[in-house]
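Every read-out reported here was derived from the displayed coordinates using simple, explicitly stated rules and does not represent laboratory data. Values in this document were obtained by computation on a predicted structure and should not be read as measured data. Cβ placement follows ideal geometry from the backbone for every residue including glycine, while neighbour counts extend to all protein chains displayed.
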Amino acid sequence: MPDVLTHLLVGASIAIVYRRNGPRIEQMLIILGAVLIDIERPFSWLLAGTSLEWISLGQAFHSILGAVVLAYFAAACFQINGLDFNSVFKLILIGCISHLLLDMVMYPWAEYGLYLLYPLQLALSFNLLWPDLWWYPILGVTLLLLSLFMSHLLKIYHGS
Amino acid sequence: MPRIRPELKRGIALLGLFIILMVSSDLLFPYSIQKSQYIAVSIEDIKANPSLFEGESVSTTATIISVSSSGSNFIAQIEEDAYLTFQSPIGSPQEGDRVYVRGISWIQTNDTIIVHEFYVLDYSSSIIRSIPGIILFIALFLWVFDFDFKTFAFIERRGKSA
């Protein structure tokens, strides 16, 4: 899986394009979703430290059902004026989906398990790259710059 | 003591149900359905049942004990009688490297796995690379949101919205 920085940068890129004219708060909810899926990592590390390694924790959260549950729970933790629960949930879920798509790029996940259809333990992946390559954050920065450029072009085109 | 909002109650209940599902699915369906052409297996399992994996595509992790060369190939020892053979165009790992490998197991006949692809695992650098992301995320989050103890919810930080 890519590091937190790469997930954050990809989430920010999507937020800039998708909520170009939206308030910062909406963009931040997408970024939150993009890193939220890995919230199990500290718990997994702690469990690993106590020899109670629970691999299912990571597998379950890295799934469509896991993304929906986490996005729902996270959305319930916010109370924002002018944004109803469904909008908050949707924005966080968009970020979560970006996280899953990015993780699916890497093929060792297919062997060890990106179970999108959890609890069905069917490993799915695009089988393209190894996880955790050092240049992933550079890819994230490139995407962010492209999205800023695209947003700027759209602003000029729409005159806003 | 703040009153817990109905949405938060539902969120906690949903998360609780999901954790129950995780535990029960672990107990009921402990084995995965593998779709990859490479079988994920430990080197210990290959050595314990070499005939089962002979000529099969396997994916495993190992620590390189020593590296030697034979013609254009690099041979890395990973166990007392188990080796990885790297053809030079895909590179050669160093002694002490922890590697992910994909290849074909010939452990039974030649004590070796012919490596198709490999990747040197580096957890310490992975964690170090994650730290800037975590710091940046916390900074951005606190820049935009504030925690309201009255409603027990994250709310918009005043004057920070575009």
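Taking other C-beta atoms within 10 Å as the exposure proxy, A:CYS96, A:CYS77 rank A:CYS77, A:CYS96 from fewest upward.
Zone of B:ASN110 (label point 7 Å along Cα→Cβ, backbone N under 14 Å): which residues in region B:65-94? Flagged as within label range: B:70-76, B:82-88.
Dipole magnitude for the protein assembly as shown: about 2060 debye, using +1 per Lys or Arg Cβ and -1 per Asp or Glu Cβ, origin at the Cα centre. Relative to the longest principal axis of the C-alpha atoms of chain B, give the angle of the C-alpha long axis of helix B:6-28, reported between 0 and 90° and rounded to the nearest 10°. For helix B:6-28, the angle is close to 20 degrees.
Kindly count the pairs of lysines across the protein assembly as shown whose alpha carbons are less than 22 Å apart, treating pairs on different chains or eight or more residues apart as eligible. Provide the component values of the computation, followed by the final result.
Details: A:LYS90/B:LYS9; A:LYS90/B:LYS160; A:LYS155/B:LYS160; B:LYS9/B:LYS150; B:LYS150/B:LYS160.
For the protein assembly as shown, qualifying lysine pairs total 5.
For the protein assembly as shown, treating each Cα as an identical point scatterer without solvent, what Debye log10 I(q)/I(0) comes out at q = 0.08, 0.11, 0.15, 0.16 1/Å? The Debye formula, applied to the Cα set alone, gives -0.45, -0.79, -1.24, -1.35. With coordinates expressed along the principal axes, the C-alpha atoms belonging to region A:2-158 extend over 54, 36, 27 Å, beginning with the largest. As a proxy for reagent exposure, ranking B:GLU7, B:GLU95, A:GLU26, B:GLU54 by other Cβ atoms within 10 Å from fewest up yields B:GLU95, B:GLU54, B:GLU7, A:GLU26. In degrees from 0 to 90, rounded to the nearest 10, what is the angle of the helix B:123-144 Cα long axis to the longest principal axis of chain B? Long axis of B:123-144 versus the principal axis of chain B: about 20 degrees.
Any chance you could tell me what percent of the C-alpha pair distances in chain B go past 21 Å? Each step should come with its number before you reach the end.
On the way: 8638 of 13041 pairs.
Roughly 66 percent, rounded to a whole number.
In chain A, which whole DSSP H runs stretch at least 27 Å along their own axis (Cα) and average 0.5 or higher on the Kyte-Doolittle scale?
On the way: long enough: A:85-104 (28 Å, 1.53); A:136-158 (33 Å, 1.35).
Those that clear 27 Å and a mean of 0.5 are A:85-104, A:136-158.
Computed about the Cα centre, the dipole magnitude for region A:2-158 is approximately 600 debye when only Lys and Arg (+1) and Asp and Glu (-1) carry charge, each at its Cβ.
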